[in-house]
Amino acid sequence: MSRAPIALLGLATSHPYSDAATLLDLHPGTVFDVWEPDGERLAMFEDRFPGHRAHTRVEDALAQAAGAIVTVRPHQVAQVLAQVTRREVPAFVNKPVAVTGAQRDALEPIWTSSAQRLFTSSVLRFAAEVEALRGELDLQRVLSAHVTVRHDVGRWTRGSTPWQDDPTVGGGLIGTMGLHGVELLVSLLGPHAHVVSSTMSTRWHQGLVSGDTGTLTIRWEGGILGTISIVGVTEHEGYEIDVETVDGPRRVHLPAGTTDPLGYRATTQRFVAMVDEAAPSPVPWEQTRAVVDLLAEAITLSAVPTR
């Protein structure tokens, strides 16, 4: 990677800490220019990665940057990304980039003006087994698909990023955890789909706004049905993909392998390629918009009381 620094714009979740560790593993000596208004989160980063340069303004963190990783609350993404695109540097935006239609509308003109230099994704899209499955699927022979997302959300009740629990602020259970399932299905089946049903419930972590259990049903234009089960009460993070085809089932269980079991390294490598080699975005806006649209629709539907 270029010796020019990488701007870390926001430390709102755990992801930029993982991103920094992966970048340093890929390219020891990488320097980070960090902007994060929350002093506590900035101190956490400094404890783990001493020697970075902290800034009080986004534009200062971007001044010398070769690329940027953006991790802010969804309603802040468009504002921060507008400054990134003015600098014309490649950027990876940690999920979710938007959880409402209004946030998507604010983001879209900024994103499409620099689409080849921007990308966002669940890291699972780039897990080796998911990429292999995507390359092998014949959509004409697919009948249905199901994804199970297992990721505990109990930390929201214990004061860790509780804003993520609010569906209109952080996306809630569907926007943060369901996103993995939506991303996987869109990456496998394409962007032309709509939400049929979406519901959530609180079974264990009492006090949550968005629940700890959820189910989504999505229908693709060609008639393929996709379902997502979100399990927010679990000791172990994991993801299961079951695709039913005319020729029998195809299954992928993550984490898989030992070197990059969930795709974090592979995702960071795509960002590095954008910085070092001017590679285009690995995820087209059409797919990102589909993920955002499906999530916004599912979040809205899940808020409607069921009988």
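The values are calculated or read from the model by the stated rules, or taken from the named source; none is laboratory data. Please read all numbers here as calculations on a predicted model, not as lab measurements. Cβ: placed from backbone, ideal geometry, glycine included. Neighbour counts: every protein chain shown. Keep in mind that these areas ignore ligands, DNA and RNA; they rest on the heavy atoms of the full protein, side chains included. Shrake-Rupley method; radii C 1.70, N 1.55, O 1.52, S 1.80 Å.
When the alpha carbon coordinates of segment 217-278 are projected onto the principal axes, the ranges are 41, 35, 24 Å, largest first.
Of the peptides 30-39, 174-183, the ranking by mean beta-carbon count within 10 Å, highest at the top, reads 174-183, 30-39. Taking amide H as placed 1.01 Å from N in the peptide plane, Ala145 has its amide H under 5 Å from the amide H of Leu225, Gly226, Thr227, Glu244, each at least 5 places away in sequence or on another chain. In this simple spin-label approximation, Gln76 and His253 carry label points 7 Å from Cα along the Cα→Cβ vector, and these lie 3.9 nm apart. Karplus-based coupling profile of segment 216-224, in residue order and whole Hz: 10, 10, 10, 10, 8, 3, x, x, 5, with θ = phi - 60° in 6.51 cos²θ - 1.76 cosθ + 1.60 and x standing for Gly or Pro. Taking the Cα centre of the chain as origin and assigning +1 to Lys and Arg Cβ atoms and -1 to Asp and Glu Cβ atoms, the resulting dipole is close to 260 debye. Ranked by the mean number of other Cβ atoms within 10 Å of their residues, highest first, the peptides 80-93, 224-237 fall in the order 80-93, 224-237.
A simple charge model with +1 on the Cβ of Lys and Arg, -1 on the Cβ of Asp and Glu and nothing else charged puts the dipole of segment 141-296 at about 160 debye relative to its Cα centre. Built from the Cα atoms of segment 135-174, the convex hull projects on average onto 4.7 nm², one quarter of its surface area. Radius of gyration (Cα atoms) of segment 6-120, expressed as a multiple of 2.2 N^0.38 Å: 1.01. For segment 158-167, 3J(HN,Hα) computed residue by residue from phi via the Karplus equation (6.51, -1.76, 1.60; θ = phi - 60°) reads 10, x, 8, 6, x, 4, 5, 6, 7, x Hz, glycine and proline entered as x. Per the Debye formula on identical point scatterers at the alpha carbon atoms of the chain, with no solvent, log10 I(q)/I(0) at q = 0.06, 0.14, 0.16 Å⁻¹ is -0.19, -1.08, -1.40. Taking amide H atoms as placed 1.01 Å from N in the peptide plane, the amide H of Val34 lies under 5 Å from those of Leu8, Arg53, Ala54, His55, each 5 or more residues away in sequence or on another chain. Can you give the FRET efficiency to the nearest 0.05 for Val233 and Asp25, using r as the Cβ-Cβ distance and R₀ = 41 Å? Given R0 = 41 Å and the Cβ-Cβ separation, E is 0.80. Site pair Arg158 and Thr245 shows an inter-label distance of 4.1 nm when each label is modelled 7 Å from Cα along Cα→Cβ.
In order along segment 60-71, the phi-based Karplus estimate (6.51 cos²θ - 1.76 cosθ + 1.60, θ = phi - 60°) of 3J(HN,Hα) comes to 6, 5, 8, 4, 10, 6, 8, x, 9, 10, 9, 9 Hz; Gly and Pro are listed as x. Stretched out straight at 0.36 nm per residue, the stretch from Glu136 to Ala273 would grow longer than its current Cα-Cα span by 46.8 nm.
Packing order of peptides 13-23, 116-126, highest average first: 116-126, 13-23 (average count of other Cβ atoms within 10 Å over each peptide's residues).
May I ask you to derive the FRET efficiency for Ser113 and Gln206 from their Cβ-Cβ distance with R0 = 41 Å, giving the value to the nearest 0.05? Step by step, r from the Cβ atoms, then E = 0.35. Under a 5 Å amide H cut-off, with hydrogens placed 1.01 Å from N, Thr202 pairs with Asp212 among residues at least 5 apart or on other chains. Excluding ligands, DNA and RNA, the accessible surface per residue across the chain is 43 Å² with a 1.4 Å probe.
What a 1.4 Å probe finds exposed on segment 6-120 is 48% carbon and sulfur by accessible area, rounded to a whole percent.
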